[in-house]
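Here the structure comes first, spelled out in structure tokens, and everything after it is commentary.
Read-outs: derived from the displayed coordinates by stated rules, not from any lab. Note that the structure is predicted; figures quoted are calculated from it, not measured. Cβ atoms come from the backbone with ideal geometry, glycine included; neighbour counts cover every protein chain shown.
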Amino acid sequence: MTTTAHDPGAPSAENPGRADIRARTLRRDRWWLAPLVNALGLATFVVYATIRSFWGSAYYVPEYHYLSPFYSPCFSASCVPGSSHFGTFLPEFPAWLPLALLSLPFLLGFRVTCYYYRKSYYRAFWASPPACAVAEPHGKYTGETRFPLILQNAHRYFFYMAFLISLINTYDMVVAFQSDAPDGSGRFGIGLGNVILLVNVIGLWLYTLSCHSCRHITGGRLKHFSKHPVRYRIWTGVSALNTRHMLFAWITIGTLILTDLYIMLVASGTISDLRIVN
Ligand code: FES
């Protein structure tokens, strides 16, 4: 009787859809570095944003109208006077409730369901898979077809809300160019805080407009681009931004932390705003 040697790369009987490679990976490079760096970066942002969102103070500089993006828009009667650019139609909040209660869930949902961040945290935290050509530890794979991951499909709805919130952040940034004069009137002014707010808003728009859902909304489902020249042009621009979506995702993590941190330091009196034009 003759026996046939099993090809080590061929699918096995137990796992017909997969190559039968017993080693976890054949890679020899430092494939674990990217997921590790991603895990540290994302964890830093989540911890910082959570602490600051519940902090409840040092988020607004009345003199220069600097408002932290973690507190915008501020609709509660508990908001510091002047920080509510769109009114206070919500009652006073208990101290443990974030003042940006209406916007934070949408911003969180927008980032959590982002196509890039999904890749990032699936690899960094769930090791599913940890890297290309590295086997995941899970026995089976159901993708995003079941609860809770099926909720990732709601990304485009979070995009609509994030777009609206980016408009609000832009308004906050513009308002901050008017500072208070000694006699109580308003006057034009520029400080380092304005520069930081401006950079943050530019970053937020680049991140928001480079979103994969934005690309689909602007140019998806068109059979003939030639019949929709305006949408085609917008789609072309969004597509160009989309190639750098990962970069914008990380830049905005940095600018959000920097903006809030700077405003916190100025609002708490720890540092003074560096004035460029008074
Ligand atoms: Fe990243 Fe939409 S925000 S894909």
To the nearest 500 deg cm²/dmol, what mean residue ellipticity at 222 nm is calculated for the chain from DSSP H runs of n ≥ 4 alone, each contributing -39,500 (n - 2.57), summed and divided by the residues? -15000 deg cm²/dmol
Can you list, by residue number, the Cys in the chain that have no neighbouring cysteine C-beta under 4.7 Å? C114, C132
Please give the Cα centre distance for the stretch 259-278 versus the stretch 146-208, rounded to the nearest Å. 18
The chain: Kirkwood hydrodynamic radius (Cα pairs, Å) comes out at 21.8
Choice from V47, V195, V61 showing the highest fluctuation, given a GNM over the chain with Cα pairs closer than 10 Å: V47
Tell me which of N169, H212, S185 sits at the most positive position along the dipole axis of the stretch 141-259, charges placed on C-beta atoms (Lys, Arg +1; Asp, Glu -1). H212
For the stretch 21-96 and the stretch 121-137, what is the centre-to-centre distance using only Cα atoms, to the nearest Å? 26
Charge dipole (debye, nearest 20) of the chain; +1 at Cβ of Lys and Arg, -1 at Cβ of Asp and Glu: 1320
Which of G143, G17, G109 fluctuates most in a GNM of the chain (C-alpha springs under 10 Å)? That residue is G17
Sparse-neighbour loop sites [chymotrypsin sites (Phe, Trp or Tyr not before Pro); the stretch 47-101; at most 13 other C-beta within 10 Å; DSSP]: F86, F89, W96
Over the chain, what is the relative contact order in whole percent, taking alpha-carbon pairs under 8 Å and six or more residues apart? 21
